[in-house]
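All of the numbers you see were taken from the coordinates with simple rules; none came from a lab. These numbers come from a predicted model, not from an experiment. When we count neighbours, we look across all protein chains shown, and the Cβ atoms used for this are built from the backbone with ideal geometry, even at glycine.
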Amino acid sequence: MKKPLLLALLFLISLSSFGQKIKFSDSTNQWKVFYHYCGDNRLGSSWTLHSYIGDTEYHGMKYKILSDAYGSGFNSFIREDTIIKKVFTISLIHDNDTIEKVLYDYTLNVGDTFKTAVSVHYVSSIDSVIINSKWHKIFDFFPVSCSGCSTGWGPREYIVIEGIGSLNSPVFPIDAIGFEGCITLTCFNNQGSTPSLSHLAGSYFNNTSSCGLTFGEDVKNINFQTEIAFVTPNPIIESSKIQLPHSIPSITLTITNTLGQIVAQIPFQNKQELPIGDLVKSPGIYFYRVKDNGSGEIFSGKFVY
């Protein structure tokens with residue numbers, strides 16, 4: 001009788017081990033990242049592999065050393081607090097930058113803001129994805145303000161997966177920036193394997209087919225969104241509209257309130273400007289998502305009434 005009980009216990013332990021939630025600070029993690037000029041995959045493109053190369057103690061705290069994409073040994077100290085669900089970093093790529101900052105906060109809710117030295121973003125939506133049989137949150141961040149975004153010196157919209165980090169690079173958006181540069185995560189490795197996602201995060205990342213993405217003169221596997229939509233005027237008045245970067249043949253506009261309730265959902269045809277001044281009736285903060293029904297591209301943002 002003891003032997004079956006022991007086997008059952010070992011089986012449950014193995015299931016528990018397999019179902020562990022991925023930690024951003026796991027020493028086995030590796031991130032395959034593609035660097036290129038925005039809008040042209042051919043110019044100055046390169047691949048790099050971010051990984052942990054050891055441990056250190058700094059100001060009485062223990063950190064992982066995350067290797068530098070540019071080959072100088074390391075560029076960040078990483079510390080994760082799983083109790084409060086936050087990842088912290090000390091960025092050593094900048095001179096005299098020895099202050100610990102929050103890199104990822106998994107407790108954020110829709111509408112919450114996240115600030116860096118060059119930008120303020122808010123959480124426009126939260127989704128979930130299954131990885132290794134465990135649910136992980138997906139956060140979609142949209143800029144409220146961004147110093148230099150229009151010239152390529154700041155992060156625009158970006159996505160963060162709990163445990164994996166940003167779909168740009170593991171130190172994004174703290175170390176996000178290079179003139180007219182784009183950074184894209186294609187593959188993530190944990191415990192010697194590439195755990196698949198139950199569905200796409202963003203427009204391309206599933207950690208299976210995305211790992212095989214290639215970039216070259218005749219290959220454009222990812223549609224990098226370098227254009228954004230915006231609301232004008234905002235706070236909105238009767239004449240307010242969502243201005244899209246180009247005309248789209250078939251569009252679905254969805255507006256939600258801070259509780260996630262759909263306030264309006266309207267189809268449009270062949271539009272670049274979407275009137276929204278009469279779509280909300282109560283004062284408050286609202287979120288919009290504009291879906292290109294042809295390509296699946298999403299434009300999202302926030303406005304106040």
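Assign unit charges at the C-beta atoms only (+1 for Lys and Arg, -1 for Asp and Glu), then state the dipole size of region 230-304 relative to its Cα centre in Debye, rounded to the nearest 20.
With only Lys, Arg, Asp and Glu charged at Cβ, the dipole is about 120 debye.
Work out how much length ALA264 to ASP127 would gain on full extension: take 0.36 nm times their residue separation and subtract the Cα-Cα distance, in nm to one decimal.
47.3 nm
Could you compute the net charge surrounding VAL280? Neighbours are other residues with a C-beta less than 14 Å from the C-beta of VAL280; K and R count +1, D and E count -1.
Residues near VAL280 contribute +1 overall.
If we count other beta carbons within 10 Å of each Cβ, what is the order of CYS187, CYS211, fewest first?
The order, fewest Cβ neighbours first, is CYS211, CYS187.
Amide H of PHE230 versus every other amide H placed in the peptide plane: which residues, excluding those fewer than 5 positions away on the same chain, fall under 5 Å?
Amide H to amide H, under 5 Å and 5 or more residues apart or across chains, PHE230 pairs with GLN243.
What FRET efficiency comes out for ILE84 versus THR208 if R0 is 30 angstrom and r is the Cβ-Cβ distance? Round to the nearest 0.05.
0.40
Would you work out which of ASN293, ILE248, ALA264 lies farthest towards the positive end of the dipole of region 230-304? Charges go on Cβ: Lys and Arg +1, Asp and Glu -1.
Final value for the positive-end residue is ALA264.
ASN132: net charge of surrounding residues, Cβ under 13 Å, Lys/Arg +1, Asp/Glu -1, itself excluded?
Summing Lys and Arg as +1 and Asp and Glu as -1 gives +1.
Which pairs in the list LYS115/LYS137; LYS137/LYS291; LYS115/LYS271; LYS101/LYS281 are over 30 Å apart, alpha-carbon to alpha-carbon?
LYS115/LYS271; LYS101/LYS281
So what J values fall out for region 127-141 if you push phi through Karplus, 6.51 cos²θ - 1.76 cosθ + 1.60 with θ = phi - 60°, rounded to Hz, Gly and Pro as x?
Rounded to whole hertz, the list is 10, 9, 9, 8, 10, 6, 6, 10, 6, 10, 6, 10, 9, 10, 9.
By average Cβ neighbour count within 10 Å, what is the ranking of 137-143, 125-131 from highest down?
137-143, 125-131
Could you work out the local net charge near HIS59, counting Lys and Arg as +1, Asp and Glu as -1, over the other residues with Cβ closer than 12 Å to its Cβ?
0
Quote the FRET efficiency, to the nearest 0.05, computed for LYS101 versus THR232 with a Förster distance R0 of 35 Å and r equal to the Cβ-Cβ distance.
The value I calculate is 0.60.
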